[in-house]
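Read the structure below first, then the notes.
The values are calculated or read from the model by the stated rules, or taken from the named source; none is laboratory data. Since the structure is predicted, the reported quantities are computational estimates derived from the model, not experimental observations. Note: ideal-geometry Cβ built from the backbone for every residue, glycine included; neighbour counts use all protein chains shown. Please note that ligands, DNA and RNA were not included when accessible areas were found on the heavy atoms of the full protein model with its side chains. Shrake-Rupley method; radii C 1.70, N 1.55, O 1.52, S 1.80 Å.
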Amino acid sequence: MSGPEDRARSLGLAIPDFQADGYYGGDFGSMKSHHVVGPVLYLSGHVPEGPDGPVHPGRLGRDVTVEQGYAAARQTGLNCLAGMRYAVGSLDNVKCLIRNLCFVAAAPDFTDVHLVSSGCSDLLRDVFGPEAGLGGRATIGVQSLAHDHCFECWLEVELHETVDG
Amino acid sequence: MSGPEDRARSLGLAIPDFQADGYYGGDFGSMKSHHVVGPVLYLSGHVPEGPDGPVHPGRLGRDVTVEQGYAAARQTGLNCLAGMRYAVGSLDNVKCLIRNLCFVAAAPDFTDVHLVSSGCSDLLRDVFGPEAGLGGRATIGVQSLAHDHCFECWLEVELHETVDG
Amino acid sequence: MSGPEDRARSLGLAIPDFQADGYYGGDFGSMKSHHVVGPVLYLSGHVPEGPDGPVHPGRLGRDVTVEQGYAAARQTGLNCLAGMRYAVGSLDNVKCLIRNLCFVAAAPDFTDVHLVSSGCSDLLRDVFGPEAGLGGRATIGVQSLAHDHCFECWLEVELHETVDG
(Lines give C-alpha, C1' and ligand atoms only; values in the text may rest on other atoms or scores of the structure.)
Protein backbone atom coordinates (compact mmCIF):
# COMPACT_ATOMS: atom_id res chain seq x y z
CA MET A 1 0.00 0.00 0.00
CA SER A 2 1.43 3.33 -1.06
CA GLY A 3 1.86 6.37 1.15
CA PRO A 4 2.84 9.98 0.42
CA GLU A 5 6.55 9.20 0.05
CA ASP A 6 5.79 6.46 -2.46
CA ARG A 7 3.48 8.73 -4.40
CA ALA A 8 6.03 11.57 -4.38
CA ARG A 9 8.57 9.13 -5.82
CA SER A 10 6.27 7.81 -8.53
CA LEU A 11 5.35 11.36 -9.50
CA GLY A 12 9.09 12.03 -9.88
CA LEU A 13 8.88 15.23 -7.82
CA ALA A 14 12.00 17.37 -7.41
CA ILE A 15 11.56 18.15 -3.72
CA PRO A 16 14.35 20.34 -2.27
CA ASP A 17 16.44 19.07 0.63
CA PHE A 18 16.44 21.66 3.42
CA GLN A 19 18.55 19.36 5.60
CA ALA A 20 21.39 19.65 3.10
CA ASP A 21 20.73 23.09 1.64
CA GLY A 22 18.99 24.93 4.47
CA TYR A 23 15.56 26.55 4.58
CA TYR A 24 15.64 29.66 2.37
CA GLY A 25 13.54 31.69 4.83
CA GLY A 26 16.63 33.06 6.54
CA ASP A 27 17.16 35.28 3.48
CA PHE A 28 14.04 37.20 4.50
CA GLY A 29 14.71 37.90 8.18
CA SER A 30 14.69 36.35 11.62
CA MET A 31 12.43 33.29 11.43
CA LYS A 32 12.37 29.53 11.66
CA SER A 33 11.03 27.01 9.19
CA HIS A 34 8.28 25.40 11.25
CA HIS A 35 6.84 24.67 14.66
CA VAL A 36 4.98 21.70 16.08
CA VAL A 37 2.40 21.78 18.89
CA GLY A 38 0.76 18.43 19.63
CA PRO A 39 -0.42 16.96 16.34
CA VAL A 40 -0.26 20.25 14.42
CA LEU A 41 2.69 21.20 12.21
CA TYR A 42 2.72 24.90 11.42
CA LEU A 43 4.87 25.69 8.38
CA SER A 44 6.50 29.07 7.94
CA GLY A 45 5.60 30.99 4.78
CA HIS A 46 6.62 29.25 1.57
CA VAL A 47 7.24 30.95 -1.77
CA PRO A 48 8.15 29.76 -5.28
CA GLU A 49 11.87 29.86 -4.60
CA GLY A 50 13.33 27.42 -7.13
CA PRO A 51 16.82 26.07 -7.83
CA ASP A 52 17.53 29.15 -9.99
CA GLY A 53 15.75 31.74 -7.83
CA PRO A 54 12.14 32.96 -7.89
CA VAL A 55 9.88 31.10 -10.34
CA HIS A 56 7.93 33.62 -12.45
CA PRO A 57 8.31 36.65 -10.20
CA GLY A 58 6.03 39.62 -10.71
CA ARG A 59 2.32 40.12 -10.66
CA LEU A 60 -0.58 38.16 -12.03
CA GLY A 61 -2.57 40.14 -14.56
CA ARG A 62 0.47 42.18 -15.51
CA ASP A 63 3.67 40.18 -16.00
CA VAL A 64 2.69 36.65 -14.96
CA THR A 65 0.10 34.49 -16.74
CA VAL A 66 -2.27 32.15 -14.92
CA GLU A 67 -0.28 29.18 -16.27
CA GLN A 68 2.96 30.67 -14.95
CA GLY A 69 1.33 31.46 -11.62
CA TYR A 70 0.07 27.89 -11.40
CA ALA A 71 3.64 26.66 -12.00
CA ALA A 72 4.95 29.01 -9.31
CA ALA A 73 2.32 27.76 -6.87
CA ARG A 74 3.35 24.19 -7.72
CA GLN A 75 7.00 25.05 -6.94
CA THR A 76 5.73 26.48 -3.64
CA GLY A 77 4.01 23.17 -2.96
CA LEU A 78 7.32 21.36 -3.54
CA ASN A 79 8.89 23.67 -0.96
CA CYS A 80 6.07 22.88 1.47
CA LEU A 81 6.80 19.17 1.00
CA ALA A 82 10.47 19.91 1.69
CA GLY A 83 9.43 21.80 4.80
CA MET A 84 7.36 18.86 6.02
CA ARG A 85 10.24 16.41 5.52
CA TYR A 86 12.60 18.82 7.25
CA ALA A 87 10.22 19.18 10.19
CA VAL A 88 9.14 15.58 10.75
CA GLY A 89 11.53 13.43 8.71
CA SER A 90 9.10 11.92 6.23
CA LEU A 91 5.90 12.82 4.41
CA ASP A 92 4.52 9.56 5.78
CA ASN A 93 4.33 11.22 9.21
CA VAL A 94 1.74 13.66 7.84
CA LYS A 95 -1.82 12.49 8.42
CA CYS A 96 -3.64 15.16 6.41
CA LEU A 97 -3.84 18.82 5.51
CA ILE A 98 -5.61 21.26 7.80
CA ARG A 99 -5.71 24.58 5.96
CA ASN A 100 -3.74 26.62 3.46
CA LEU A 101 -4.02 30.39 3.25
CA CYS A 102 -2.67 31.52 -0.13
CA PHE A 103 -1.50 34.92 -1.32
CA VAL A 104 -1.18 35.91 -4.98
CA ALA A 105 0.55 39.14 -6.05
CA ALA A 106 -2.06 40.62 -8.36
CA ALA A 107 -2.62 43.62 -10.61
CA PRO A 108 -5.66 45.68 -9.59
CA ASP A 109 -8.14 43.97 -11.91
CA PHE A 110 -6.98 40.36 -11.61
CA THR A 111 -9.55 38.25 -9.75
CA ASP A 112 -8.67 34.70 -10.91
CA VAL A 113 -6.45 34.26 -7.89
CA HIS A 114 -7.93 30.87 -7.01
CA LEU A 115 -6.75 29.39 -10.33
CA VAL A 116 -3.19 30.15 -9.26
CA SER A 117 -3.43 28.53 -5.82
CA SER A 118 -4.60 25.29 -7.38
CA GLY A 119 -1.02 24.76 -8.55
CA CYS A 120 -0.13 24.22 -4.91
CA SER A 121 -3.26 22.43 -3.72
CA ASP A 122 -3.45 20.07 -6.73
CA LEU A 123 0.10 18.94 -6.01
CA LEU A 124 -0.60 18.36 -2.31
CA ARG A 125 -3.75 16.41 -3.21
CA ASP A 126 -1.76 14.21 -5.61
CA VAL A 127 0.84 13.46 -2.95
CA PHE A 128 -1.43 12.93 0.06
CA GLY A 129 -4.41 11.51 -1.80
CA PRO A 130 -7.96 12.68 -2.58
CA GLU A 131 -9.05 12.82 1.10
CA ALA A 132 -5.99 13.58 3.22
CA GLY A 133 -4.62 15.91 0.54
CA LEU A 134 -7.51 18.37 0.68
CA GLY A 135 -7.45 21.17 3.21
CA GLY A 136 -9.45 24.28 3.90
CA ARG A 137 -8.28 27.06 1.60
CA ALA A 138 -8.55 30.75 0.86
CA THR A 139 -6.75 32.84 -1.72
CA ILE A 140 -6.10 36.54 -1.38
CA GLY A 141 -4.93 38.84 -4.17
CA VAL A 142 -2.30 41.12 -2.64
CA GLN A 143 -0.19 44.10 -3.55
CA SER A 144 3.27 42.55 -3.35
CA LEU A 145 5.41 39.85 -1.77
CA ALA A 146 9.05 39.83 -0.71
CA HIS A 147 11.61 39.43 -3.52
CA ASP A 148 8.77 40.12 -5.95
CA HIS A 149 7.47 36.56 -5.61
CA CYS A 150 4.05 36.03 -7.20
CA PHE A 151 2.77 33.51 -4.64
CA GLU A 152 3.08 32.61 -0.97
CA CYS A 153 1.28 30.13 1.23
CA TRP A 154 0.70 29.62 4.94
CA LEU A 155 -0.04 25.99 5.66
CA GLU A 156 -0.89 23.80 8.65
CA VAL A 157 -1.00 20.00 8.54
CA GLU A 158 -1.99 17.33 11.03
CA LEU A 159 0.59 14.70 12.02
CA HIS A 160 0.06 11.02 12.75
CA GLU A 161 1.93 11.25 16.03
CA THR A 162 3.02 14.03 18.28
CA VAL A 163 6.50 15.18 17.33
CA ASP A 164 8.55 17.60 19.38
CA GLY A 165 9.12 20.82 17.50
CA MET B 1 -31.93 28.81 28.63
CA SER B 2 -31.19 29.71 25.06
CA GLY B 3 -28.19 28.58 23.06
CA PRO B 4 -26.82 29.59 19.65
CA GLU B 5 -29.39 27.54 17.71
CA ASP B 6 -32.23 29.16 19.65
CA ARG B 7 -30.79 32.60 19.08
CA ALA B 8 -30.26 31.92 15.37
CA ARG B 9 -33.91 30.91 15.16
CA SER B 10 -35.23 33.93 17.00
CA LEU B 11 -33.12 36.22 14.83
CA GLY B 12 -34.76 34.56 11.82
CA LEU B 13 -31.44 34.00 10.08
CA ALA B 14 -31.39 32.51 6.58
CA ILE B 15 -28.50 30.11 7.12
CA PRO B 16 -27.65 28.02 4.04
CA ASP B 17 -27.75 24.23 4.24
CA PHE B 18 -24.46 22.79 2.97
CA GLN B 19 -25.67 19.27 3.73
CA ALA B 20 -28.38 19.67 1.12
CA ASP B 21 -26.76 22.14 -1.26
CA GLY B 22 -23.04 21.48 -0.84
CA TYR B 23 -20.24 23.79 0.23
CA TYR B 24 -19.65 26.32 -2.54
CA GLY B 25 -15.84 26.17 -2.10
CA GLY B 26 -15.51 23.46 -4.72
CA ASP B 27 -16.20 26.14 -7.36
CA PHE B 28 -12.84 27.68 -6.47
CA GLY B 29 -10.52 24.66 -6.64
CA SER B 30 -9.45 21.57 -4.74
CA MET B 31 -10.36 22.17 -1.12
CA LYS B 32 -12.56 20.96 1.71
CA SER B 33 -14.95 22.92 3.87
CA HIS B 34 -13.35 22.44 7.30
CA HIS B 35 -11.07 20.42 9.51
CA VAL B 36 -11.19 19.57 13.20
CA VAL B 37 -8.17 18.88 15.43
CA GLY B 38 -9.03 18.29 19.08
CA PRO B 39 -11.33 21.10 20.20
CA VAL B 40 -10.49 23.40 17.29
CA LEU B 41 -12.66 23.71 14.20
CA TYR B 42 -10.82 25.33 11.33
CA LEU B 43 -13.20 26.69 8.68
CA SER B 44 -12.14 27.04 5.07
CA GLY B 45 -12.36 30.53 3.58
CA HIS B 46 -15.87 31.95 3.47
CA VAL B 47 -17.11 34.65 1.10
CA PRO B 48 -20.41 36.51 0.59
CA GLU B 49 -21.78 33.88 -1.76
CA GLY B 50 -25.56 34.34 -1.50
CA PRO B 51 -28.55 32.51 -2.96
CA ASP B 52 -28.26 34.65 -6.12
CA GLY B 53 -24.46 34.71 -6.35
CA PRO B 54 -21.92 37.14 -4.90
CA VAL B 55 -23.43 39.80 -2.61
CA HIS B 56 -22.13 43.25 -3.61
CA PRO B 57 -19.07 42.15 -5.58
CA GLY B 58 -16.35 44.67 -6.36
CA ARG B 59 -14.17 46.88 -4.30
CA LEU B 60 -14.78 49.06 -1.26
CA GLY B 61 -14.03 52.69 -1.96
CA ARG B 62 -14.84 52.25 -5.65
CA ASP B 63 -17.98 50.24 -6.39
CA VAL B 64 -19.09 49.02 -2.96
CA THR B 65 -20.23 51.28 -0.09
CA VAL B 66 -19.44 50.57 3.56
CA GLU B 67 -23.10 49.65 4.11
CA GLN B 68 -23.00 47.19 1.21
CA GLY B 69 -19.70 45.77 2.42
CA TYR B 70 -21.20 45.32 5.89
CA ALA B 71 -24.11 43.41 4.31
CA ALA B 72 -21.68 41.25 2.35
CA ALA B 73 -19.71 40.48 5.51
CA ARG B 74 -22.98 39.56 7.24
CA GLN B 75 -23.78 37.13 4.41
CA THR B 76 -20.30 35.70 4.92
CA GLY B 77 -21.12 35.23 8.59
CA LEU B 78 -24.25 33.29 7.61
CA ASN B 79 -22.04 31.06 5.47
CA CYS B 80 -19.70 30.56 8.43
CA LEU B 81 -22.67 29.46 10.53
CA ALA B 82 -23.63 27.05 7.73
CA GLY B 83 -20.05 25.76 7.73
CA MET B 84 -20.16 25.16 11.48
CA ARG B 85 -23.43 23.23 11.28
CA TYR B 86 -22.07 21.21 8.36
CA ALA B 87 -18.90 20.42 10.32
CA VAL B 88 -20.30 19.59 13.75
CA GLY B 89 -24.06 19.20 13.29
CA SER B 90 -25.27 22.10 15.44
CA LEU B 91 -24.19 25.57 16.47
CA ASP B 92 -24.74 24.38 20.03
CA ASN B 93 -21.55 22.30 19.71
CA VAL B 94 -19.55 25.52 19.33
CA LYS B 95 -18.15 26.77 22.62
CA CYS B 96 -16.75 30.10 21.43
CA LEU B 97 -14.89 31.93 18.71
CA ILE B 98 -11.11 31.85 18.60
CA ARG B 99 -10.07 34.25 15.86
CA ASN B 100 -11.27 35.65 12.55
CA LEU B 101 -8.85 37.02 9.94
CA CYS B 102 -10.84 39.19 7.52
CA PHE B 103 -9.99 40.38 4.02
CA VAL B 104 -11.70 43.31 2.31
CA ALA B 105 -11.16 44.05 -1.40
CA ALA B 106 -10.31 47.75 -1.29
CA ALA B 107 -9.49 50.63 -3.59
CA PRO B 108 -6.06 52.17 -2.85
CA ASP B 109 -7.27 54.88 -0.50
CA PHE B 110 -9.95 52.99 1.40
CA THR B 111 -8.89 52.41 5.01
CA ASP B 112 -12.25 51.82 6.76
CA VAL B 113 -11.85 48.10 6.29
CA HIS B 114 -12.74 47.32 9.91
CA LEU B 115 -16.23 48.79 9.49
CA VAL B 116 -16.89 46.15 6.84
CA SER B 117 -15.73 43.18 8.93
CA SER B 118 -18.12 44.14 11.70
CA GLY B 119 -20.94 42.86 9.48
CA CYS B 120 -19.56 39.39 10.10
CA SER B 121 -18.43 39.75 13.70
CA ASP B 122 -21.59 41.52 14.88
CA LEU B 123 -23.66 38.62 13.54
CA LEU B 124 -21.47 36.00 15.23
CA ARG B 125 -21.66 37.96 18.49
CA ASP B 126 -25.46 38.06 18.27
CA VAL B 127 -25.65 34.30 17.70
CA PHE B 128 -23.06 33.12 20.24
CA GLY B 129 -23.56 35.88 22.79
CA PRO B 130 -21.50 38.80 24.09
CA GLU B 131 -18.69 36.63 25.49
CA ALA B 132 -18.49 33.47 23.42
CA GLY B 133 -19.29 35.39 20.26
CA LEU B 134 -16.24 37.63 20.39
CA GLY B 135 -12.98 36.44 18.87
CA GLY B 136 -9.63 37.91 18.07
CA ARG B 137 -9.82 39.79 14.81
CA ALA B 138 -7.80 41.54 12.14
CA THR B 139 -8.92 43.10 8.87
CA ILE B 140 -6.71 43.49 5.85
CA GLY B 141 -7.50 45.64 2.82
CA VAL B 142 -6.47 43.61 -0.22
CA GLN B 143 -6.16 43.93 -3.97
CA SER B 144 -8.75 41.38 -5.06
CA LEU B 145 -10.57 38.18 -4.14
CA ALA B 146 -11.78 35.28 -6.28
CA HIS B 147 -14.98 35.87 -8.29
CA ASP B 148 -14.59 39.57 -7.46
CA HIS B 149 -15.97 39.05 -3.95
CA CYS B 150 -15.55 42.08 -1.69
CA PHE B 151 -14.96 40.13 1.54
CA GLU B 152 -13.50 36.87 2.79
CA CYS B 153 -12.86 35.49 6.25
CA TRP B 154 -10.69 32.81 7.80
CA LEU B 155 -12.18 31.65 11.08
CA GLU B 156 -11.35 29.23 13.88
CA VAL B 157 -13.75 28.31 16.66
CA GLU B 158 -13.48 26.20 19.80
CA LEU B 159 -15.82 23.23 20.23
CA HIS B 160 -17.44 21.93 23.41
CA GLU B 161 -16.29 18.41 22.74
CA THR B 162 -13.73 16.83 20.51
CA VAL B 163 -15.30 15.89 17.19
CA ASP B 164 -13.53 13.84 14.54
CA GLY B 165 -12.86 15.89 11.45
CA MET C 1 19.18 32.80 34.93
CA SER C 2 17.22 35.40 32.99
CA GLY C 3 13.81 34.94 31.39
CA PRO C 4 11.75 37.09 29.02
CA GLU C 5 10.59 39.50 31.77
CA ASP C 6 14.19 40.06 32.88
CA ARG C 7 15.28 40.64 29.31
CA ALA C 8 12.38 43.02 28.64
CA ARG C 9 13.44 44.97 31.74
CA SER C 10 17.11 45.13 30.80
CA LEU C 11 16.19 46.25 27.29
CA GLY C 12 14.19 49.08 28.90
CA LEU C 13 11.14 48.36 26.78
CA ALA C 14 8.09 50.63 27.05
CA ILE C 15 5.46 47.88 27.00
CA PRO C 16 1.88 49.21 27.28
CA ASP C 17 -0.35 48.05 30.13
CA PHE C 18 -3.64 46.76 28.75
CA GLN C 19 -4.80 45.85 32.27
CA ALA C 20 -4.77 49.54 33.17
CA ASP C 21 -5.45 51.13 29.80
CA GLY C 22 -7.44 48.50 27.94
CA TYR C 23 -6.74 46.75 24.68
CA TYR C 24 -7.10 49.25 21.84
CA GLY C 25 -8.82 46.70 19.56
CA GLY C 26 -12.25 47.80 20.73
CA ASP C 27 -11.79 50.96 18.66
CA PHE C 28 -11.97 48.82 15.54
CA GLY C 29 -15.10 46.76 16.19
CA SER C 30 -16.47 43.83 18.15
CA MET C 31 -13.49 41.70 19.12
CA LYS C 32 -11.48 40.43 22.05
CA SER C 33 -7.76 40.67 22.66
CA HIS C 34 -6.82 36.99 22.70
CA HIS C 35 -7.90 33.41 23.15
CA VAL C 36 -6.20 30.37 24.67
CA VAL C 37 -6.81 26.74 23.68
CA GLY C 38 -4.57 24.25 25.46
CA PRO C 39 -0.98 25.46 25.17
CA VAL C 40 -1.69 27.88 22.31
CA LEU C 41 -2.25 31.60 22.85
CA TYR C 42 -3.87 33.23 19.83
CA LEU C 43 -3.41 37.00 19.83
CA SER C 44 -5.85 39.31 18.10
CA GLY C 45 -4.42 41.56 15.39
CA HIS C 46 -1.84 44.04 16.63
CA VAL C 47 -0.95 47.33 14.95
CA PRO C 48 1.59 50.12 15.65
CA GLU C 49 -0.78 51.99 17.95
CA GLY C 50 1.54 54.07 20.13
CA PRO C 51 1.01 56.40 23.09
CA ASP C 52 0.33 59.26 20.66
CA GLY C 53 -1.65 57.31 18.08
CA PRO C 54 -0.52 55.40 14.97
CA VAL C 55 3.26 55.24 14.55
CA HIS C 56 4.18 56.25 10.96
CA PRO C 57 0.80 55.71 9.33
CA GLY C 58 0.58 55.47 5.57
CA ARG C 59 2.10 53.25 2.97
CA LEU C 60 5.58 51.86 2.48
CA GLY C 61 7.10 52.99 -0.79
CA ARG C 62 5.02 56.17 -0.77
CA ASP C 63 4.87 57.96 2.57
CA VAL C 64 6.71 55.62 4.95
CA THR C 65 10.40 54.67 4.68
CA VAL C 66 11.73 51.20 5.48
CA GLU C 67 13.31 52.61 8.67
CA GLN C 68 9.98 54.12 9.74
CA GLY C 69 8.18 50.90 8.88
CA TYR C 70 10.68 48.94 10.94
CA ALA C 71 9.99 51.28 13.90
CA ALA C 72 6.25 50.81 13.44
CA ALA C 73 6.67 47.04 13.39
CA ARG C 74 8.74 47.30 16.56
CA GLN C 75 5.92 49.26 18.24
CA THR C 76 3.58 46.49 17.12
CA GLY C 77 5.89 43.99 18.80
CA LEU C 78 5.63 45.99 22.04
CA ASN C 79 1.86 45.75 21.75
CA CYS C 80 2.13 42.00 21.22
CA LEU C 81 4.17 41.76 24.42
CA ALA C 82 1.47 43.78 26.19
CA GLY C 83 -1.12 41.39 24.77
CA MET C 84 0.78 38.38 26.09
CA ARG C 85 1.07 39.86 29.58
CA TYR C 86 -2.62 40.77 29.52
CA ALA C 87 -3.53 37.23 28.46
CA VAL C 88 -1.32 35.13 30.72
CA GLY C 89 0.05 37.50 33.36
CA SER C 90 3.74 37.36 32.52
CA LEU C 91 6.02 36.92 29.52
CA ASP C 92 7.66 34.14 31.53
CA ASN C 93 4.58 32.01 30.89
CA VAL C 94 5.37 32.06 27.16
CA LYS C 95 7.43 29.07 26.07
CA CYS C 96 8.13 30.13 22.47
CA LEU C 97 6.73 31.67 19.33
CA ILE C 98 4.73 29.58 16.90
CA ARG C 99 4.10 31.78 13.87
CA ASN C 100 3.59 35.40 12.91
CA LEU C 101 1.70 36.45 9.79
CA CYS C 102 2.61 40.06 8.97
CA PHE C 103 0.87 42.62 6.79
CA VAL C 104 2.54 45.74 5.41
CA ALA C 105 0.55 48.51 3.70
CA ALA C 106 2.51 48.96 0.50
CA ALA C 107 2.56 51.08 -2.63
CA PRO C 108 2.23 48.99 -5.82
CA ASP C 109 5.96 48.63 -6.50
CA PHE C 110 7.23 48.14 -2.95
CA THR C 111 8.50 44.58 -2.43
CA ASP C 112 10.83 44.98 0.58
CA VAL C 113 8.00 44.07 2.91
CA HIS C 114 10.10 41.55 4.85
CA LEU C 115 12.52 44.28 5.97
CA VAL C 116 9.62 45.96 7.74
CA SER C 117 8.41 42.87 9.59
CA SER C 118 11.85 42.35 11.06
CA GLY C 119 11.14 45.31 13.35
CA CYS C 120 8.63 43.09 15.10
CA SER C 121 10.42 39.75 14.88
CA ASP C 122 13.84 41.15 15.92
CA LEU C 123 12.23 42.54 19.09
CA LEU C 124 10.49 39.25 19.91
CA ARG C 125 13.76 37.38 19.34
CA ASP C 126 15.58 39.75 21.70
CA VAL C 127 12.97 39.26 24.43
CA PHE C 128 12.45 35.49 24.15
CA GLY C 129 15.95 34.56 23.07
CA PRO C 130 17.56 33.21 19.87
CA GLU C 131 15.63 29.92 19.90
CA ALA C 132 12.29 30.52 21.60
CA GLY C 133 12.05 33.97 20.04
CA LEU C 134 11.99 32.75 16.45
CA GLY C 135 8.71 31.74 14.85
CA GLY C 136 7.49 30.85 11.42
CA ARG C 137 6.82 34.01 9.46
CA ALA C 138 5.34 35.41 6.29
CA THR C 139 4.92 39.01 5.17
CA ILE C 140 2.28 40.20 2.78
CA GLY C 141 2.22 43.61 1.09
CA VAL C 142 -1.38 44.80 1.22
CA GLN C 143 -3.56 47.62 -0.03
CA SER C 144 -4.53 49.21 3.27
CA LEU C 145 -5.08 48.66 6.98
CA ALA C 146 -7.58 50.18 9.39
CA HIS C 147 -6.82 53.71 10.62
CA ASP C 148 -4.18 53.88 7.86
CA HIS C 149 -1.73 51.83 9.92
CA CYS C 150 1.31 50.67 7.93
CA PHE C 151 1.71 47.30 9.68
CA GLU C 152 -0.31 44.59 11.37
CA CYS C 153 0.55 41.17 12.70
CA TRP C 154 -1.31 37.96 13.57
CA LEU C 155 0.66 35.96 16.09
CA GLU C 156 0.39 32.64 17.92
CA VAL C 157 2.66 31.61 20.77
CA GLU C 158 3.06 28.43 22.80
CA LEU C 159 2.61 28.60 26.58
CA HIS C 160 4.49 26.69 29.27
CA GLU C 161 1.30 25.55 30.90
CA THR C 162 -2.30 25.36 29.86
CA VAL C 163 -4.09 28.53 30.84
CA ASP C 164 -7.84 28.97 30.58
CA GLY C 165 -8.71 31.59 28.01
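Quick rundown of the values:
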| item | result |
| --- | --- |
| Residues of region B:59-78 classified as surrounded by 23 or more Cβ atoms within 10 Å (Cβ to Cβ) and on the phi > 0 side of the Ramachandran plot, total | 0 |
| Any hit, region A:150-161, residues being open to solvent by 10 Å² or more (accessible area, probe 1.4 Å), out of contact with any Pro (no Cβ under 7 Å at 6 or more places or on another chain), modelled with pLDDT of 95 or more and more than 10 Å from chain B (Cβ to nearest Cβ) | yes |
| Residue within region B:94-107 that is open to solvent by less than 30 Å² (accessible area, probe 1.4 Å) and more than 22 Å from A:Arg99 (Cβ to Cβ) present | yes |
| One residue from C:His147, C:His114 being more than 9 Å from chain A (Cβ to nearest Cβ) and not hydrophobic (A, V, I, L, M, F, W, C) | C:His147 |
| Candidates A:Val127, A:Val94 - the one that is more than 11 Å from the chain's Cα centre (by Cα) and either modelled with pLDDT under 95 or under 21 Å from C:Gly135 (Cβ atoms) (or both) | A:Val94 |
| Pick from region A:117-142, criterion facing another protein chain (nearest Cβ under 8 Å) and charged (D, E, K, R), ranking: nearest to A:Thr76 (Cα to Cα) | A:Asp122 |
| Candidates A:Asp27, A:Asp6, A:Asp21 - the one that is more than 28 Å from C:Phe110 (Cβ to Cβ) and at pLDDT below 95 | A:Asp21 |
| Residue in region C:37-58 that is most open to solvent (accessible area, probe 1.4 Å), counting only those that are more than 7 Å from every other protein chain (Cβ to nearest Cβ) and touching a strand residue (DSSP E or B) at 6+ places or on another chain (Cβ under 7 Å) | C:His56 |
| Which numbered condition B:Leu81 fails, given (1) within 13 Å of another protein chain (Cβ to nearest Cβ); (2) open to solvent by less than 10 Å² (accessible area, probe 1.4 Å); (3) under 17 Å from B:Ser121 (Cβ atoms) | (1) |
| Tally, over region A:114-139, of residues that are of a type in the set (A, V, I, L, M) and open to solvent by 10 Å² or more (accessible area, probe 1.4 Å) | 3 |
| Options C:Phe151, C:Phe128; residue that is touching a Phe, Trp or Tyr at 6+ places or on another chain (Cβ under 9 Å) and aromatic (Phe, Trp, Tyr) | C:Phe151 |
| Qualifying positions in region A:1-21 - among the basic types (Lys, Arg) and buried (at least 16 other Cβ atoms within 10 Å of the Cβ) | A:Arg7 |
